[in-house]
Amino acid sequence: MALKQWLQWGGHLFKQAMPGYCAFCLAPALAGRGWCATCLDELPWNLLACRQCGDPVPHGESLCGHCLIDPPAFSTTQAGLLYQGVIKQLVHDFKFQASPRAGMLLAELMLLTPPTTMGDALLPVPMTTAHACTRGFNQSHWLAEQLGKTCDVPLVNARRVKDSPSQRTLNRRQRAANLAGAFVFESPPPAHLLIIDDVVTTGSTGHALACAALDAGAKRVDIWAAARTPLSQD
Ligand SMILES: [Zn+2]
Ligand SMILES: [Zn+2]
């Protein structure tokens, strides 16, 4: 009920919500948290997911069909939530309206479902300068900074040298081709990197960034994202 109400009102509550109150329903929040127990329970948790790409899988399977046939360059994906309902709204508020409250909530939700290892450094998904200027900020970099501070892990930055046209209309293979050579490292990165992103859509960006990191000398790359778009809904 509370969540439905929130959905009808849109994301405006995030901007009005005060510390101490649930960002989703404005009931008193759990101590030190941005949410109440009921809303936390109702979030679209990504409970049965492919170990490698985070896409939902049937019970009992650890890898999806895509990863079995054509595995990506990254080893695992930790994405605790599905990109649906209130989480979609939260990401939208964060990304397109630069709401720091929405960003902090996403970072807090990520910390509830952390990956098994943080690796040697966090790697935000870089944007081209032109793209970052239009948007005003890079949401992946912002999240990586918050998580890096909290978990005491340094950040490593790659550079995006190719701006790709919108990926939305492309299929999996086209997206991969579109992104080939898009990222470069100015200096060799540490051995184990953890890519930080808000939403994993097809994994193509993570794959291209992981390829660049492995080419530059990294030994292993994993992904830690707030949410995953189920491929069936992409
Ligand atoms: Zn609530
Ligand atoms: Zn998979």
Quiz item: Where nothing but the Cβ of Lys and Arg (+1) and of Asp and Glu (-1) is charged, how large is the charge dipole of region 45-233 around its Cα centre, in debye to the nearest 20?
Solution: 420
Quiz item: Say the dipole of region 45-233 comes from +1 at the beta carbon of Lys and Arg and -1 at that of Asp and Glu; which of 106, 179, 87 then lies farthest toward its positive end?
Solution: 179
Quiz item: Is it possible to state the helix-based mean residue ellipticity at 222 nm for the chain, with each DSSP H run of 4+ residues giving -39500 (n - 2.57), the sum divided by total residues, to the nearest 500 deg cm²/dmol? What is it?
Solution: -11000 deg cm²/dmol
Self-check item: Most positive-pole-ward Cα, 213, 138, 50, against dipole of the chain from beta carbon charges
Solution: 138
Self-check item: Cα-centre dipole for region 22-106 with unit charges at Cβ (Lys and Arg positive, Asp and Glu negative), debye to 20
Solution: 300
Quiz item: Between region 188-206 and region 50-109, what's the alpha-carbon centroid distance in Å?
Solution: 12
Quiz prompt | FRET efficiency for residue 163 and residue 112, using Cβ-Cβ distance with R0 set to 30 Å, rounded to 0.05 | solution = 0.35
Quiz item: Does anyone have the angle between helix 85-97 and the longest principal axis of the chain? Alpha-carbon axes, 0 to 90°, nearest 10?
Solution: 70
Quiz item: So how tilted is helix 100-112 from the main axis of the chain? Cα-based, degrees 0 to 90, rounded to 10.
Solution: 70
Self-check item: Cα-centre dipole for region 177-234 with unit charges at Cβ (Lys and Arg positive, Asp and Glu negative), debye to 20
Solution: 160
Practice problem: Give the span of the chain's Cα atoms along each principal axis, as three whole-Å numbers ordered largest to smallest. | Solution: 49, 40, 35
Self-check item: Under 5 Å, built H, 5+ apart or other chain: amide partners of residue 200
Solution: 227, 228, 229
Quiz item: Which order do peptides 87-97, 57-67 fall in by mean Cβ count within 10 Å, highest first?
Solution: 87-97, 57-67
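Taken together, the values in this text are just the output of simple stated rules run on the coordinates, not laboratory data. What you are looking at is a predicted structure, and each value in this text was computed from that prediction instead of being measured. Please note: Cβ atoms are built from the backbone with ideal geometry, for glycine as well, and neighbour counts cover all protein chains shown.
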